[in-house]
Structures are given as C-alpha cells and as structure tokens.
1. Which one of these is outside any helix (DSSP H, G or I), within 14 Å of chain B (Cβ to nearest Cβ) and in contact (Cβ under 8 Å) with a residue 24 or more places away in the chain: A:270, A:301, A:321, A:288?
2. Going by what's in this entry, would residue A:129 be described as in contact with a helix residue (DSSP H, G or I) (Cβ under 6 Å, 6 or more places away or on another chain) and surrounded by fewer than 18 Cβ atoms within 10 Å (Cβ to Cβ)?
3. Looking only at region A:330-353, which residues are surrounded by fewer than 14 Cβ atoms within 10 Å (Cβ to Cβ) and not in a helix (DSSP H, G or I)?
4. Exactly one condition in (1) under 26 Å from residue A:252 (Cα atoms); (2) within 14 Å of chain B (Cβ to nearest Cβ) is not met by residue A:142; state its number.
5. Does residue B:27 satisfy the condition of being surrounded by 14 or more Cβ atoms within 10 Å (Cβ to Cβ), part of a strand (DSSP E or B) and at the interface with another protein chain (Cβ under 7 Å from one of its Cβ atoms)?
6. Scan region A:519-536 and tell me whether some residue there is in contact (Cβ under 8 Å) with a residue 40 or more places away in the chain, in a loop (DSSP other than H, G, I, E, B), within 26 Å of residue A:254 (Cα to Cα) and under 23 Å from the mean Cα position of the chain (by Cα).
7. Considering each residue of region A:228-267, count those that are out of contact with any strand residue (DSSP E or B) (no Cβ under 9 Å at 6 or more places or on another chain), within 14 Å of another protein chain (Cβ to nearest Cβ) and either closer than 23 Å to residue A:391 by Cα or in contact (Cβ under 8 Å) with a residue 60 or more places away in the chain (or both), and give that number.
8. What is the number of the single condition among (1) modelled with pLDDT of 95 or more; (2) under 28 Å from the mean Cα position of the chain (by Cα) that residue A:498 does not meet?
C-alpha cells in the first residue's frame with residue numbers, strides 16, 4: 001500500500017506540475033462552451049420577456065411569450081447550470097485525483113452526447129410551439145412526446161456523468177485507504193449524489209406517468225403525484241447549482257485572496273447536511289396546494305428551514321476567512337480590514353458579490369418557506385425576484401468568477417489584465433441589472449403581480465395596483481443584463497481560444513497551518529446516503545401514498561397554447 | 001470553534017425555531033393554515049357533480065357567503081361577484097381542465113386549483129372597492145386574460 005500511495009501521489013504531483021491533462025481539459029472545455037452558448041441564448045430570450053412585460057415590445061405572431069419563457073427557463077436552469085457544474089467538477093476531479101481514468105473519460109463523452117441529443121429533442125418541439133409548458137411541465141398540460149423523450153435522455157446523461165464521478169472517487173479511495181477525499185472531490189461527490197437523487201424523481205414522473213399518458217396508453221394522469229415528483233427534482237436541482245457555487249466559496253476563493261481555507265471539518269459538515277436534507281425541500285413549492293394536509297405541510301416547513309442552517313454556517317465561515325486573511329495582510333479596525341481585499345480582481349469580486357446577494361436571497365427563501373407568508377407571495381413576481389437573486393446572482397456570478405481562472409487553466413492560457421478589466425466591468429453591469437430587476441420583481445410580487453404572465457393590463461388594474469413602473473424597471477434590468485451577458489460570453493471564448501499562452505493554476509486553498517485533523521467519520525458516504533434516503537422517506541412516503549390511494553379519476557392531456 | 005461562532009450558530013438556530021413557532025401558532029391558534037382541502041372530484045364530470053353543477057354565490061348566514069366556482073381556460077364561473085362590505089366569503093373551487101391559480105390582489109387569497117381536486121379558501125372583505133381576481137398559474141395562451149373582479153359595496 002505504501003508504494004501504491006507513493007506512485008499516485010507522484011502522479012498527482014506531476015499532474016499539478018504539468019498543468020491540466022489535455023484530454024481531460026477537452027471534456028471540461030466542451031461542457032463550458034455549451035454552458036456559455038446557453039447563457040447567450042437564454043439572456044437574449046430574457047431581454048425579449050423583460051421588454052414585453054415592460055409593455056415596450058409586442059412579440060411577433062410566430063413567437064409566443066410562453067414559448068420564449070419555456071426556452072429561457074430550460075436554457076438557464078437546465079442547460080447552463082448543469083453543463084457548467086459538470087465541466088467544473090470534472091476539471092476538479094481530474095486536478096485533485098490525479099487525472100481522469102480512461103473509462104471515466106469515455107463515460108464523460110457518452111454523457112455529453114446523450115445530453116446534447118436529449119437537449120435537441122427538447123428544443124425542436126419548443127421551437128415548433130408544441131411544448132410551451134415551462135420548466136415545470138405540469139400535467140395535464142401535455143407537450144409533444146418528443147419533449148419528454150428528450151428529458152429522459154438528459155437524465156440518462158446526468159446519470160452517466162454521476163457514475164463516472166463515482167468510479168473516479170471510488171478508485172482514488174481504494175488507492176488511498178484511510179485518507180480524506182480532497183475537499184474539491186468531496187463537494188463533487190455530494191453534488192453527484194444529489195443529482196442522482198433528484199433526477200430519480202423526475203425520471204419516475206416522466207417515464208411512468210407522463211410518457212404512457214401522452215402516447216395514449218393510459219387514459220388519465222395523477223396530477224398531484226406528477227407535480228410532487230417534479231418538485232422533488234425541481235427544487236433540488238437549483239440547490240445543487242448553489243452547492244456548486246458554495247464549493248468555490250470554501251475551496252477556491254480563500255486561495256485567490258491569499259489566505260487559508262476554513263476548518264476542514266466544518267466545511268465537510270456543511271456539505272453532509274446539504275446532501276442529506278436537500279431533496280425534501282421540494283414540498284415548499286406546494287404550500288397552497290390541495291390534497292396535502294396541514295400537518296404534513298407544517299412538517300415540511302421544518303424540513304425546508306433546516307436547509308437554511310448550513311447556509312448560515314457558511315455565511316459566518318466565509319466572512320471569517322476574509323477577515324483573517326485581510327488582517328494577516330495588515331488590515332486593521334473593526335471593518336477597516338475590508339480595504340485589504342482584492343477588489344480589482346474579477347476572480348474575487350464576482351463571487352464576493354454573489355455571496356453578498358445570498359444574504360437577502362437566503363432571507364427571502366426562509367420567509368417564503370413559512371406557510372402564511374408563502375400564501376402572500378406564491379406564484380407572484382416575488383418568487384421570480386427570489387430566484388434571480390439566488391440563481392441569477394449567487395450561483396451565476398460565482399460561475400462567472402470561476403470562468404476567469406478555470407478556462408485559462410483548461411486552455412493553457414492566461415488571464416490578462418485587460419480581460420480582468422472586462423470581467424470587473426461585466427460584474428458591475430450584471431450586478432446593477434440584477435439588483436434593479438430583482439428589487440422591482442419583489443415589490444411587484446408583494447402588490448400581487450403574477451409570475452409567468454405576458455404583458456397585460458387587467459383592465460386598468462395593472463396601473464391602479466402600481467405594477468407598471470416596476471415592470472418598466474424589470475425591462476431596464478433585463479437590458480443591462482444582456483450587455484453583461486455579451487461581455488461575459490466574449491471573455492469566455494477569448495480565454496478559450498485567443499488569450500496569450502501560459503500556465504494558469506487551479507486555485508485550491510490549503511488548510512491553516514497546524515489545523516486539527518479531521519475525524520475520519522466524515523468520509524462515510526454510505527451512511528450519509530442511507531440517512532438521506534431515510535429523510536426522504538420520512539417526508540414523502542405518507543403524502544405520496546395518500547395521493548395514490550385517494551387519487552381522483554385521472555386527467556386527459558390538454559394543449560392550451 | 002470560536003465563541004462568536006457559537007453565538008452566531010445559536011442565533012441562527014433560534015431564528016429558525018422562531019419561524020417554526022410563529023408558523024405553528026398562526027396555523028393552529030389563529031386558524032390561518034394554508035388552503036389544504038382534500039376532497040376529490042372527477043375532473044371530466046365537473047358540470048354534473050354537486051355543488052359545481054350550480055356554480056354561483058349563495059348567502060349562508062348573516063354577512064356570510066359561499067361562492068362555488070369553476071376555473072377553466074381562460075375564465076372563472078361565475079364572473080364579477082358582488083358582496084357587501086364586512087362579509088366573509090367561503091370559496092369552493094375546482095378546475096375543469098389544467099392547473100390554475102386563484103389569487104385576489106390586495107388580499108391573502110392565494111391557492112392552487114387543480115383538476116380532480118376541490119380547494120377551499122375563505123376571506124373577510126372589510127374595505128369597499130373593486131378587487132382583481134386573477135389566475136396566477138400559467139394555463140395556456142390566454143393565461144394573461146384570465147381575470148375577473150369582486151366588488152365589495
């Protein structure tokens with residue numbers, strides 16, 4: 001074992017010395033290229049909607065608002081986030097576990113093409129206006145069957161990628177008995193476990209409920225059951241993108257600011273509960289649904305709020321790391337140390353703004369998870385404002401910040417001072433756009449303006465209820481965001497193909513010197529998965545059995561657009 | 001672990017518990033639980049099933065009304081309801097086709113209305129005026145036109 005240890009650690013060292021393995025880099029670059037093309041298209045469609053809701057733009061007859069909104073949601077929540085997450089973690093696994101195994105590389109490519117084919121199958125009916133069913137595709141609205149076949153392939157692709165990641169991690173653990181998984185790989189393991197758990201629910205929904213129904217093999221569909229299965233996936237998906245951003249906050253950012261990372265044990269203790277408790281959060285999307293008793297809904301308030309606790313731990317940890325690092329660099333005073341942070345470095349600035357955005361975003365999340373407060377804002381623009389803060393700022397700005405070192409690292413190029421400046425300007429424009437948009441959306445929602453609704457005056461009610469100026473502000477925000485999107489996509493492809501050649505490091509912060517050793521129980525993934533399954537059963541078995549046993553006659557398919 | 005971290009985590013946990021206690025107190029003691037009615041109905045026979053065979057508004061007590069309402073693309077039945085100020089209205093709702101939302105702006109009425117399920121929600125209307133009723137779940141091409149009013153006199 002001693003020699004095996006040595007040989008892999010040599011392999012890891014060569015990997016780190018020689019920089020990225022080119023074959024592994026091709027995989028991650030392909031995922032990232034798709035991700036940023038999706039951002040460009042999704043952003044463009046976002047502008048179209050923003051201007052429509054502002055009352056400035058009437059859509060042409062061939063592009064219906066709901067078709068545009070369906071594409072916007074799918075491109076940004078399903079394509080961009082998933083492709084970025086996979087590209088980023090596969091680069092992280094390759095870097096910290098001594099290069100991808102040849103079979104894992106093969107799996108990564110199979111997964112890539114499965115996802116791309118699936119995505120094309122989803123896009124065709126959307127473009128033909130045969131699938132304007134939104135990201136949530138609630139039955140009994142029924143899209144063209146091709147849409148659902150595409151979704152199945154996307155899920156199969158995700159599973160392939162997850163299996164690849166598990167093989168890579170298991171192989172490393174076999175060769176490094178008794179050692180802790182490197183922290184980046186630890187986060188990746190958590191993310192891929194959640195991806196499998198979340199997509200399992202939507203796979204059941206699509207394969208066993210929807211596909212037989214749209215093909216006419218069954219007469220009716222259980223509307224409540226499909227909706228519940230969807231949200232077990234739909235909410236977890238966005239939390240997975242958030243956990244991906246959190247991994248960069250803990251592991252990468254301390255290195256970029258020249259510090260050490262937060263306690264290894266506490267970092268792992270944030271990942272573990274997020275994995276165990278995440279999937280049950282989906283129920284808070286169903287607080288005002290019929291057919292779920294008040295008792296069950298109350299239990300789910302607790303299950304949803306519990307996810308907030310690890311995030312509150314994170315808030316403390318990150319600011320503590322910032323303070324400690326800044327003081328080591330000579331920062332003084334209660335808040336004077338703030339001046340010592342590298343504000344001009346986009347690799348820090350963008351994720352920092354992302355973290356700050358998570359303060360109101362997380363607070364809003366806690367508020368709207370409680371039953372009565374949710375009833376005020378459910379399905380209003382408030383919710384849209386909320387997820388533009390959480391996803392549009394906390395997640396996306398972290399991903400943008402990552403791109404300024406990850407892409408040069410993968411393409412063996414460097415981040416030039418000029419490109420850094422583009423990034424800083426991009427971050428500022430994006431922040432301005434998102435802040436204007438998210439604040440207006442939150443307020444409009446409190447006044448009752450509904451989400452997922454094209455421009456309408458409701459007689460003169462929209463004016464009377466004060467929605468119009470807020471919706472105009474949303475249009476302004478969307479315009480700024482598209483400018484920022486164009487800058488970002490330009491930066492990404494420039495760094496991928498044209499920036500000056502050179503070596504860029506994959507920044508992974510070290511532990512504080514003399515830090516206490518992390519106990520080995522943190523590595524018991526088998527136990528965490530069993531606990532996750534127990535929590536899921538506790539949350540879902542009673543309501544789902546109830547929905548099946550007491551189901552009304554099923555609903556036939558409808559195409560209402 | 002530093003002392004200030006312990007304090008922070010204690011406060012974090014406390015905040016979550018306070019939210020839990022308030023939510024529970026409002027639901028149990030103040031009867032403000034979210035709309036969670038559990039009756040079902042055959043979604044293809046709504047028009048033939050009581051009480052939805054006779055949708056409309058009915059006075060059931062002093063200052064108390066029951067509204068039996070169906071939601072369908074892209075309208076509510078009945079439309080344009082009128083009630084006197086100070087009355088409590090109990091809505092009984094179901095959908096004849098896809099999933100809809102039932103929301104009244106400037107009130108706390110907000111409920112999902114699904115085919116196959118009967119949903120119930122009540123509200124006391126004190127302030128006279130015209131209230132906007134709208135569908136807040138995307139239901140198709142005419143979703144933005146799905147609205148009506150409640151007039152409180």
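The values are calculated or read from the model by the stated rules, or taken from the named source; none is laboratory data. Predicted model only: the values in this text are computed from it and were never measured. Backbone-built Cβ (ideal geometry, glycine too); neighbour counts: all protein chains shown.
1. A:288
2. Yes.
3. Residues of region A:330-353 that are surrounded by fewer than 14 Cβ atoms within 10 Å (Cβ to Cβ), as a first pass: A:330, A:332-336, A:338-339, A:343-344.
Answer for region A:330-353, where residues must be surrounded by fewer than 14 Cβ atoms within 10 Å (Cβ to Cβ) and not in a helix (DSSP H, G or I): A:330, A:332, A:333, A:334, A:335, A:343, A:344.
4. (1)
5. On the way: surrounded by 14 or more Cβ atoms within 10 Å (Cβ to Cβ): yes; part of a strand (DSSP E or B): no; at the interface with another protein chain (Cβ under 7 Å from one of its Cβ atoms): yes.
Spelling it out, it is not the case that residue B:27 is surrounded by 14 or more Cβ atoms within 10 Å (Cβ to Cβ), part of a strand (DSSP E or B) and at the interface with another protein chain (Cβ under 7 Å from one of its Cβ atoms).
6. no
7. The number of residues fulfilling the criteria is 4.
8. Here residue A:498 clears every test but (2).
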